[in-house]
Amino acid sequence: GLIRDNMYLSSLVLGKNHIGKEGARVLGEALLENGTIESLSLTGLRLPIQVLRGEEGKGSLKLSGFLRDVDTIVIGTLLETNVYLTSLDLSDNEFGHEGADALGKVLGQNSTLTALALEMNNVGDEGCSRIAEGLARNTSLQSLNLGSNSIGNSGCIAVGNSLLNNTNSSLSRLILKRNNIGVEGAKVLANLLKASGKLRELNLHDNKIGNDGSKHLAIALKENAFLTSLDLSYNNSGESGANEITEAMGSNTTLQEVNLLGNDISEGLIRVIETALERNRHSQLW
């Protein structure tokens, strides 16, 4: 009540107060009704309250360094009324699945955010599943970066299935680099590529999809006519996986970039794939 009704306070510092998940939610709701507080600090990083509420009409925001779950819950609550923000970058922080849950709820109801970057946090499979719940209802997001978040197969499967079932999704760029995604995750992403005409860029750099995962994706490439960029570098893949991709490139006419660095693949196969990519790039000019 004190925060909601206060007409004079402009800055609030609540560090070292052990505010939990519910406390952060209540605090965020109070800040939605308070018209004077401009900044809030819970764990060291100043949150620009007016920007988060949308009062300044700012289109992009980047916050990195010290954000934890409680900060992210407040951010998620404030974004419920923001109709101006289109790009939010919360990379390189320390929040986990509870913060991801708050952001997933934002995605489920927000219709203006087009880019969300959450790279280098502690989202994990549980948090990724919460993000996926929001993606199942979201129609505006075009770019999602979940790189370096200790996401395994279950988190990847949740995201893939949400996008597969959401026919109104606008997502065209999905970054899942530096995670722990294996064959089962790659299989669901392959199903997504077969069914969706939205995704243009898929980044799986430094995961564990191996030859079998590469084969699933290669089969999808034979049917997909929309993906233009695929990063499979450093994925424990070898000649058999690369052979499948080479075969797929015989019929794929849209893919223009494939990164296979850091895999056990001969230079000869790399040249064959690059020749096919150059053909596709050239055809797009006409």
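The values are calculated or read from the model by the stated rules, or taken from the named source; none is laboratory data. Keep in mind it's a predicted model, so treat the numbers as computed, not measured. Counting neighbours? That spans all protein chains shown, and the Cβs are built from the backbone with ideal geometry, glycine included. For accessibility, only protein heavy atoms count, side chains too; no ligands or nucleic acids. Shrake-Rupley method; radii C 1.70, N 1.55, O 1.52, S 1.80 Å.
Numbers below:
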read-out: Enumerated strands (runs of 3 or more DSSP E) restricted to the range 76-151, each holding at least 2 residues that are modelled with pLDDT of 95 or more and of a type in the set (A, V, I, L, M); value: 115-117
read-out: Residue list for the range 236-269, filter: of a type outside the set (Ser, Thr, Tyr), assigned to a loop (DSSP other than H, G, I, E, B) and within 27 Å of residue 170 (Cβ to Cβ); value: 252, 255, 256
read-out: Residue in the range 184-200 that is at pLDDT below 95, open to solvent by less than 60 Å² (accessible area, probe 1.4 Å) and in contact with a strand residue (DSSP E or B) (Cβ under 9 Å, 6 or more places away or on another chain) present; value: no
read-out: Restricting the range 10-61 to residues that are assigned to a strand (DSSP E or B) and more than 14 Å from residue 79 (Cα to Cα), the residue that is most open to solvent (accessible area, probe 1.4 Å); value: 46
read-out: Matching residues in the range 74-97 - criterion: being within 16 Å of the chain's Cα centre (by Cα), open to solvent by 30 Å² or more (accessible area, probe 1.4 Å) and farther than 19 Å from residue 179 by Cα; value: 86, 87
read-out: Scope the range 118-136; condition over 19 Å from residue 160 (Cβ atoms) and either of a type in the set (D, E, K, R) or touching a strand residue (DSSP E or B) at 6+ places or on another chain (Cβ under 7 Å) (or both); matching residues; value: none
